[in-house]
Amino acid sequence: MLTRRDSFGAAAAFALLPGSAVEAASTAAADAVSSIGARADIIAEDHWATKGDVRLYIYRKRLRGARSGQPVLFLVHGSSFSGRGGFDLQVPDAADHSMMNWFAQRGFDVWTMDHEGYGRSTRTGRLSDIASGADDLAAAFAVVERETGVRAPLVYGQSSGALRAGLFVMREPRRVERLILDGFTHTGNGAPEILRRRANVAALRATPHRPATEATYVNIFSRDDPTTVDPAVPRALARYELALGDRIPNGAYLDMATRMPIVDPASLTMPVLMTRAVHDGNATEADLLEFFGKLPSRDRQFAIIDGVAHVAVLGINRFRVFHAMLGFLTAPDLGFAGKD
């Protein structure tokens, strides 16, 4: 049986708006979708953090019976769907698409969170921009440290999640051991998807959120190369996310249209891996290589991965991305001749 645990120590079902029967029913519906394909060998836990008036949902998966001292991996989601929705997706009648399961099976203690306005976290109606996301990570990392004793976990950020993670590192550089930037955007110059958002700035500024439908999630996977994903994936993702809410915060989109660059490569002093999908309209290869060239660490990698698009970790060839990540995360420490 899956373990569900509140960070305050009490098991609890969580309604996005306390006392709302509609929101409680929506959470139950999302749980029904996400329970499909649950694994007996993996423990799942719910945790919570607070940020002012916001309650933040944090989710953890690890092997049942695993010893303490596992490497801690924290996954940071992007602009359009939640952490649990994207990183622990259950697709009926399909192969396991849970990134959290894959890394848990390989000995990692895997965490993610839903940022303000997403998934099970409080839906405030605010923009939930990149800076707000970095604030969310500070609150979540305090929970991770309390539960695991690890102050500086391994961190993976996808799309605007990579921007959130990068900004968090700029603020607290000693809180991340190794950093993976996947689907990253540096300046956005010349990138078709960022240019589209720049042309739509007035609409993005007019409201703090945009409506979400099944077509919203299908479009995310079809705008670069739809042949790289199983068509069942965006439909399953839509079912999960829409059971929790039908609005998506505009803050990350607006930041990516008007405030780039957000992350200063010179501030990322830890080992860094950048993974670049061949089919990705969120950045040009030249723009990412410029960022990569400014990273101060000599322990850095840039992986160009064929057969995947922007949301590579949910694609047909997602294991190629996982392979690059696993090698980077488990690389041995440097050794030196003559060292005692």
Please verify whether Gly183 is closer than 22 Å to Asp88 by Cα, buried (at least 24 other Cβ atoms within 10 Å of the Cβ) and at pLDDT 95 or above, treating the condition exactly as stated. yes
Note on Ala324: of the conditions (1) open to solvent by less than 70 Å² (accessible area, probe 1.4 Å); (2) part of a loop (DSSP other than H, G, I, E, B), unmet is (2)
Selection from region 215-229 of residues over 20 Å from the mean Cα position of the chain (by Cα) and open to solvent by 50 Å² or more (accessible area, probe 1.4 Å) yields Ala215, Pro226, Thr227
How many residues of region 265-276 are open to solvent by 20 Å² or more (accessible area, probe 1.4 Å) and either within 26 Å of Tyr118 (Cβ to Cβ) or of a type in the set (A, V, I, L, M) (or both)? The answer is 3
Picking from Ala104, Ala95, the residue that is under 17 Å from Leu154 (Cβ atoms) and either among the small types (Gly, Ala, Ser) or open to solvent by 10 Å² or more (accessible area, probe 1.4 Å) (or both) would be Ala104
For region 53-76, state whether one or more residues are closer than 17 Å to Ala252 by Cβ, within 19 Å of the chain's Cα centre (by Cα) and not aliphatic (A, V, I, L, M).
-> no
Checked region 295-317 for anything of a type outside the set (A, V, I, L, M) and either within 21 Å of Leu268 (Cβ to Cβ) or open to solvent by 10 Å² or more (accessible area, probe 1.4 Å) (or both); matches are Pro296, Ser297, Arg298, Asp299, Arg300, Gln301, Phe302, Asp306, Gly307, Asn317
Filtering region 114-131 down to residues that are of a type outside the set (Asp, Glu) and either open to solvent by less than 20 Å² (accessible area, probe 1.4 Å) or under 14 Å from the mean Cα position of the chain (by Cα) (or both) yields His115, Gly117, Tyr118, Gly119, Arg120, Ser121, Ser128, Ile130
For region 319-335, pairs from a residue that is aromatic (Phe, Trp, Tyr) to a residue that is open to solvent by less than 40 Å² (accessible area, probe 1.4 Å), with Cβ under 6 Å and 6 or more apart or across chains, are Phe322/Trp102; Phe328/Leu273
Any chance region 66-78 includes a residue that's buried (at least 19 other Cβ atoms within 10 Å of the Cβ), assigned to a loop (DSSP other than H, G, I, E, B) and in contact with a Gly (Cβ under 9 Å, 6 or more places away or on another chain)?
yes
* **Any chance Arg164 is farther than 19 Å from Pro71 by Cβ, of a type in the set (Lys, Arg) and buried (at least 17 other Cβ atoms within 10 Å of the Cβ)** => yes
Residues of region 277-294 being open to solvent by 10 Å² or more (accessible area, probe 1.4 Å) and over 16 Å from Ile194 (Cα atoms), in sequence order, are Val278, Leu289, Glu290, Phe292, Gly293, Lys294
Within region 200-214, restricting to residues that are closer than 30 Å to Ser267 by Cβ and among the hydrophobic types (A, V, I, L, M, F, W, C), the one that is surrounded by the fewest Cβ atoms within 10 Å (Cβ to Cβ) is Val201
Among strands (runs of 3 or more DSSP E) completely within region 221-315, the ones holding 3 or more residues that are over 23 Å from Ile130 (Cα atoms) are 300-305
When region 255-279 is checked residue by residue, the ones that are under 18 Å from the mean Cα position of the chain (by Cα) and farther than 20 Å from Met99 by Cα are Asp255, Met256, Ile262, Val263
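The values are calculated or read from the model by the stated rules, or taken from the named source; none is laboratory data. Just so it is clear, the structure is predicted and the values come from calculations on it, not from any experiment. Backbone-built Cβ (ideal geometry, glycine too); neighbour counts: all protein chains shown. Accessible surface areas use protein heavy atoms only, side chains included; no ligands, DNA or RNA. Shrake-Rupley method; radii C 1.70, N 1.55, O 1.52, S 1.80 Å.
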